[in-house]
1. Quick check on my filter: what residues within segment B:135-152 are at negative phi and outside any helix (DSSP H, G or I)?
2. Checking A:GLY167 against (1) at pLDDT 70 or above; (2) surrounded by fewer than 16 Cβ atoms within 10 Å (Cβ to Cβ), only one condition comes out false. Which one?
3. Sort out for me the helices (runs of 4 or more DSSP H) sitting completely within segment A:1-85 that have 2 or more residues that are over 27 Å from the mean Cα position of the chain (by Cα) and not small (Gly, Ala, Ser).
4. Does segment A:33-46 include one or more residues that are more than 7 Å from chain B (Cβ to nearest Cβ), closer than 30 Å to B:GLU46 by Cβ and surrounded by 18 or more Cβ atoms within 10 Å (Cβ to Cβ)?
5. Among the candidates B:GLN45, B:GLN62, single out the residue that is more than 9 Å from chain A (Cβ to nearest Cβ) and either out of contact with any His (no Cβ under 8 Å at 6 or more places or on another chain) or modelled with pLDDT of 75 or more (or both).
6. Collect the residues in segment A:144-161 that are surrounded by 11 or more Cβ atoms within 10 Å (Cβ to Cβ), at pLDDT 75 or above and of a type in the set (Gly, Ala, Ser), keeping them in residue-number order.
7. I need a count of the residues in segment B:19-36 that are in a helix (DSSP H, G or I) and either buried (at least 19 other Cβ atoms within 10 Å of the Cβ) or in the same structural domain as B:LEU121 (by TED's automatic domain parsing) (or both).
Amino acid sequence: MTHPSESDLALYAGNDLGWFARRRAQHHLAGCRQCRDEVEGFASLRDELAGRNELPALSWNRLAAEMKANIRLGLAAGECVRGEPSGAALAWMGGGRAVAACASVMALLAAGLFIERPSPPAPQVTASDSAVLRATANGIELNQGGQTLSLLDGRSDKVTYSAGAQGSMRARYVDSDTGNVTINNVYVQ
Amino acid sequence: MSEAVEPSLELRERQNRFVSDHLRRIFAQIYRIVGNVADAQDLTQEAFIKALQRQEQLKDEQKAAHWLSRIATNTAIDFLRRSRRAAFVEMDVKAESQDESPEDLLLRSEQRDFLEDGLRLLTARERAALMLRDVEGLPAEEVARRLNCSKATVRSHIANARIKFRRYMEKRKA
């Protein structure tokens, strides 16, 4: 008796053989105990691997927040390195607005240098005559028409502020107790 | 808010939604291939950054999801090829419920190590094919699309992977 190859039995166990090969194997297996045991052995691998489907116990919310923040930073860094907007953004912007985008990138870089100075004054963004965004010791502050709105940062020793050229202020910090990464973006209207 | 800011915000919101919608799925997919959390985290981030830098590919949500899965699979395979590490570092195994005894924890940890040792015998593509077919339950056609190869090649990868893995299991159990 000619037995099917080990590869065919491995594929048969997972229902991965083509129709003809499958019929041939079925016919053989009906009369061969040894090959049936082989197939059973391959089929049991699935049960062994099923444990692999479970994620290990981890704090998903924390991990997801960290990944989202890193993805956002990676994209921002990529845009700076390329020095040009993405395809969709470019299509939307059109020729004239691409210049404005380049100017925005330059302004972002300038804001970055400004923030990284040894004794930096608080970053500040003025979107119009009456609205001013700035970073304070406690968080981001918006002053408009004599009124002030403050978005306080959580418990953290180190908060990174960055000013956006399009009228935004970002605070990024890691909560020293929980380890959660928080990013606050405030946009001036 | 000025008009010039809106499209940028809209784009960012769309990107954020895309990340939120697919993050867990992609992380799990990569974790199954590379087998440890720290590398899966890095590679998930890498896959999303690669995908989001090609905005034109993300217009159709369903196609974008498939495309992202392919990027994730290829990123994980490239990583395995590059590293071919002998040892993986896993995060501490924690109790999934309060009922889980230290013995259960130890057993679960040992089972995971046992599986990892076996999977390490496979090539990067065999490992990815086995995970996608036998763990995620994708049809062979979809596995072929993800690995960017023919269905016959996928069958060959799957057969080799099952044979190697089974021999490993028999040897370890003997």
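1. The first filter runs over segment B:135-152 and keeps only residues at negative phi, leaving B:135-136, B:138-147, B:149-152.
Within segment B:135-152, B:GLU136, B:LEU138, B:PRO139, B:CYS149, B:SER150 meet the criteria.
2. (2)
3. On the way: elements: A:6-13, A:19-29, A:33-50, A:60-82.
Fully inside segment A:1-85 and qualifying: A:6-13, A:19-29, A:33-50.
4. Going residue by residue through segment A:33-46, those that are more than 7 Å from chain B (Cβ to nearest Cβ) are A:33-40, A:43-44.
After this cut, where a residue has to be closer than 30 Å to B:GLU46 by Cβ as well, the list is none.
No, every residue in segment A:33-46 fails to be more than 7 Å from chain B (Cβ to nearest Cβ), closer than 30 Å to B:GLU46 by Cβ and surrounded by 18 or more Cβ atoms within 10 Å (Cβ to Cβ).
5. Details: B:GLN45 fails: more than 9 Å from chain A (Cβ to nearest Cβ).
Every option except B:GLN62 fails the conditions.
6. Result: A:SER150, single match.
7. Within segment B:19-36, the subset in a helix (DSSP H, G or I) is B:19-34.
Next, from what is left, pick out any that are either buried (at least 19 other Cβ atoms within 10 Å of the Cβ) or in the same structural domain as B:LEU121 (by TED's automatic domain parsing) (or both): B:19, B:22-23, B:26-27, B:29-34.
Here the count works out to 11.
Every residue, every condition in (1) at pLDDT 75 or above; (2) surrounded by 13 or more Cβ atoms within 10 Å (Cβ to Cβ); (3) away from chain A (no Cβ under 12 Å); (4) in a loop (DSSP other than H, G, I, E, B), yes or no:
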{"residue": "B:THR75", "(1), (2), (3), (4)": "yes, yes, yes, no"}
{"residue": "B:ALA86", "(1), (2), (3), (4)": "no, no, yes, yes"}
{"residue": "B:GLU90", "(1), (2), (3), (4)": "no, yes, no, yes"}
{"residue": "B:SER97", "(1), (2), (3), (4)": "no, no, no, yes"}
{"residue": "B:ARG112", "(1), (2), (3), (4)": "yes, yes, no, no"}
{"residue": "B:GLU116", "(1), (2), (3), (4)": "yes, yes, no, no"}
{"residue": "B:ARG133", "(1), (2), (3), (4)": "yes, yes, no, no"}
{"residue": "B:VAL154", "(1), (2), (3), (4)": "yes, yes, no, no"}
{"residue": "B:HIS157", "(1), (2), (3), (4)": "yes, yes, no, no"}
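The values are calculated or read from the model by the stated rules, or taken from the named source; none is laboratory data. Computed from a predicted model, the values in this text were never measured in an experiment. Note that we place each Cβ from the backbone using ideal geometry, even for glycine, and neighbour counts take in every protein chain shown.
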